1. Looking only at the stretch A:207-235, which residues are at the interface with chain B (Cβ under 10 Å from one of its Cβ atoms) and either surrounded by fewer than 23 Cβ atoms within 10 Å (Cβ to Cβ) or not small (G, A, S) (or both)?
2. Pairs please, first residue from the stretch A:116-128 and at the interface with chain B (Cβ under 7 Å from one of its Cβ atoms) and free of Cβ contacts under 8 Å to residues at least 60 places away in the same chain, second anywhere and surrounded by fewer than 24 Cβ atoms within 10 Å (Cβ to Cβ) and polar (S, T, N, Q), Cβ atoms under 9 Å, 6+ apart in sequence or on different chains.
3. Kindly list the number of the only condition in (1) within 7 Å of chain B (Cβ to nearest Cβ); (2) of a type outside the set (G, A, S); (3) more than 19 Å from B:V169 (Cβ to Cβ) that fails for A:R165.
4. How about the stretch A:195-223: which of its residues are closer than 19 Å to C:H72 by Cα and at pLDDT 90 or above?
5. Could you please find all residues in the stretch A:66-94 being in contact with a Phe, Trp or Tyr (Cβ under 8 Å, 6 or more places away or on another chain) and at the interface with another protein chain (Cβ under 7 Å from one of its Cβ atoms)?
6. State yes or no: is B:L75 in a helix (DSSP H, G or I), farther than 30 Å from B:I264 by Cα and of a type in the set (A, V, I, L, M)?
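The values are calculated or read from the model by the stated rules, or taken from the named source; none is laboratory data. None of the values given here were measured: they were computed from a predicted structure. Every residue, glycine as well, gets a Cβ built from its backbone with ideal geometry; the counts of neighbours run over all protein chains shown.
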Amino acid sequence: MSTAGITVRAIPGAADPAWARWLLTGAVVLFLAVFLLLPLAVVFGTALASGLHAYLGSLRDPETQAAIRLTLLAAGIAVPLNAAFGLAGAWLIGKFEFPGKRLVTGLIELPLSISPVVAGLMIVLLFGAQGWWGPWLAAHNLSVVFAVPGIVLATIFVTFPYVARELAPALAAAGNDEEEAALTLGASGWQVLFRVTLPKVKWALLYGVILCNARAMGEFGAVSVVSGHIRGLTDTMPLQIEALYDDYQFTAAFAVASLLVLLALASLIIKVWLESREGSQ
Amino acid sequence: MISTMPTVTPARANPQRNRGNVMPGFGLSLGVTVFSLSLIVLLPTAAAILKSSSLGWSRFWASVSTPRALASYRLSFGGALLAALINLVLGTLVAWVLVRYRFPGRRLLDALVDLPFALPTAVAGIALTVIYGPHGWLGAPLAALGIRAAYTRVGVVIALTFIGLPFVVRTVQPVLAGLGENDAEWEEAAASLGAGRWQTFRRVLLPVLTPAALTGFAMAFARGVGEYGSVIFIAGNMPLRTEIAPLLIVIKLQEFDDAQATAIAVTMLAASFALLLAIQCLQRRSERWGQR
Amino acid sequence: MTTRNAILIAFLLGLGLFAGPAPQAWAQSPASVTLLNVSYDATRELYRDENAAFASYWKAKTGQAVVIQQSHGGSGSQSRAVLDGLPADVVSLALAYDVDVLAARGHLLPADWQARLPDNSSPYTSTIVFLVRKGNPKHIRDWNDLNRPGVSVVTPNPKTSGAARWAFLAAWAYALDRPGGTPVQARDFVARLYKNIPVLDSGARGSTNTFVERGIGDVMLSWENEALLATHDLSRGQFQIVVPSESILAEPAVAVVDRTVDRQHTRTVAEAYLRFLYSPQGQEIAAQHFYRPRLPAVARKYAAQFPALKLITVGQSFGGWQKAQATFFADGAIFDQIYQAGH
């Protein structure tokens, strides 16, 4: 399955009776408006309640800026790593049959089934002062939990499945014919990957990266356990939102939240734009 | 082992090629995958399982089967299951409309579907509590009808439906789009052969949609079971009534009882896996049905 | 692609993962020093001012610049984070038990830490009062009004919140102090009170948001300082404070974490920082943030702000926090039993 066709011009539903089209469309628009637009309205409404000036001012706060930088850093490390891991995993699952394939597939998806709180706890169990490697780390003056590495680790764990999940079915569905032709013509493995395979599945890859990125930037539960909540230092954007909310600074809290939404939606808008450009060519 | 991914056998390629596969990169992709899996997934999971095993079987069983723990599983699993079912129906419907119909604002709504991913769970929880609280925009009219949404189990289901929605929409959408691209003639063929609309849907579309919809259902369910951030704001958190299992884990952690906390976590993980296995069986059956 | 290459690339990825981030190194020098104060939920505004005041005091006295980082959260989870390695130079937690844990489980500071500073290492105190809606429509005067049918009470979860534990003990002590009060009656009293609670938030700030912003509940059991903050800053006259006939002397605890200050060579400034909290200036700031000061002169100045009421202590009424924790809040203890039996 591929995400390539979302905006295709063939309109398969045109044959459906008009009343069904209107009824279903109306129901879905109403449902999405109530269910998704209302929370969005709460976020932006509260963020802008004190005016645009206050909104921008709250984003200039040094602690908030530090949180934005930390979130971008964590996502900047976690997303490329998970894209690489996901590509390898998807290639393995999508292109080969081997014993233990179902085991590997299941393990890749495992982080989805683990409560983020428990994911954070696991990292503390490994790297915390009372954990397996805590004493060794402390002796060498290294910090993992309550510092950037722990936050990055938690983010990687939580977002691990997304790229492989989106990519593996697309790779399998795309088949091997072109790749084999390229190999026969003497192309190297890497050339096949970058010149032949990735262009075929680029939408699935892009979509996996977008989901991975959105989750990475928005992750709360796991990061909350390993962060230590040192303001201006180990608070990510979601944690800064919580801190501001608990400071009774609702405008500032929702301003940061709205920024996070905009960051995540920006990647989706880029995707839609790329698709429409592709479609018009 | 469990996989909720749709069968990813290289189906359209020649199936006989499995043995003499000429595709390169098996060693590298296996190496990277095994390495990343071990480091990122297996190692931490092993740490949690080992920690819980330090309790010994009888204490493990005692701590995961208290009435309070059982009530929290019922809420977390029941709530996640109900939310995933709602998403199965509504999510498929959303995907259907977004792919098949054209209307103003469609692209905006399409992008909005990912909002539950983008919104930090805590913000989602707060926003939902504002909306569904007794004095909220929707909470007040609901309260007038005698329905208490926030601080009840209803609130838990609302939050879990919210965070699970993208999973079903995003797995069903590509399949529907693919149908539109390649296989629109199926429907026409079926229709020209005199099959009724409902028959076309049941015989042609449903078998193709079911595996993807079940995948989305399984993911929404798995995510819902472990969800913490968005639920604690809207749930009420009363022991035995509105206390979710992840909250119980957090409480055990505050009591410095890591062993019991991980015991509950491992139990939840095992139960999630059992349920995902069942869904996978269902999925394979539906795929076979689809290939008939 | 050979297996050897695979291993190499995997190794490089691993190296990138762990070697990239530098170890945490506070800038400690004669010119400047950084402290981390790990504190609980309700002290955010207090320490913002205390830290600024201490920084200029320390700069004037020694010429050294001091930056104090803050971490806030539920008192119990903050204590756990320090135990798991959060490098706190000083802790300022909601109750002594959460500091005891650091001594008992992590040996991060000596067991007699509470004797190292005056007043049980508690530079300011507070108590538990009731916050009710304007005009007090449910006529709540004292603890025994809270468990009337139809009264909805908001308080956080004692398992995760320090304020809630103080409130639980205050209610228990009130019931025990009634004529002929027995532990059995106290238990029944508290059980009926908890039947009237619709939401258990995880922290004090969460409860305040539920009560003030969401409009849930007729009365909130609150830190006195939080209640005063809510009536002064948050509410525009929508709430008023009801002072019960008796409550509990809540003593938040502060301590230097020996393990951290010895490693980071910050003991001198950390100890000076905590002593500053006892100074007239530090006490004044505490009073301005609605904490009851210890220093008699400052207490007299702000006396109008803090109503007089009978205050019992954990030491006298419950034999100290270790005992109270084991009796009431440990796994399977009285708080758990109330819920197991009640529903």
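1. Those that are at the interface with chain B (Cβ under 10 Å from one of its Cβ atoms) and either surrounded by fewer than 23 Cβ atoms within 10 Å (Cβ to Cβ) or not small (G, A, S) (or both): A:Y207, A:I210, A:L211, A:C212, A:N213, A:R215, A:M217, A:E219, A:F220, A:V223, A:V225.
2. A:M122/B:T45
3. (3)
4. Listed by number, the residues that qualify are A:A222, A:V223.
5. Listed by number, the residues that qualify are A:F85, A:L92.
6. Against the criterion (in a helix (DSSP H, G or I), farther than 30 Å from B:I264 by Cα and of a type in the set (A, V, I, L, M)), B:L75 does not qualify.
Matching residues to (1) touching a residue at least 24 places away in the same chain (Cβ under 8 Å); (2) surrounded by fewer than 20 Cβ atoms within 10 Å (Cβ to Cβ):
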{"site": "C:V254", "(1), (2)": "yes, no"}
{"site": "C:R275", "(1), (2)": "yes, yes"}
{"site": "C:Q281", "(1), (2)": "yes, yes"}
{"site": "C:F290", "(1), (2)": "yes, no"}
{"site": "C:A297", "(1), (2)": "no, yes"}
{"site": "C:Q305", "(1), (2)": "yes, yes"}
{"site": "C:T313", "(1), (2)": "yes, yes"}
{"site": "C:Q322", "(1), (2)": "yes, yes"}
{"site": "C:D336", "(1), (2)": "no, yes"}
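This table checks each residue for (1) more than 10 Å from every other protein chain (Cβ to nearest Cβ); (2) assigned to a helix (DSSP H, G or I).
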residue	(1), (2)
C:V184	yes, yes
C:F189	yes, yes
C:L193	yes, yes
C:P198	no, no
C:S207	yes, yes
C:F211	yes, yes
C:L221	yes, no
C:E226	yes, yes
C:T231	yes, yes
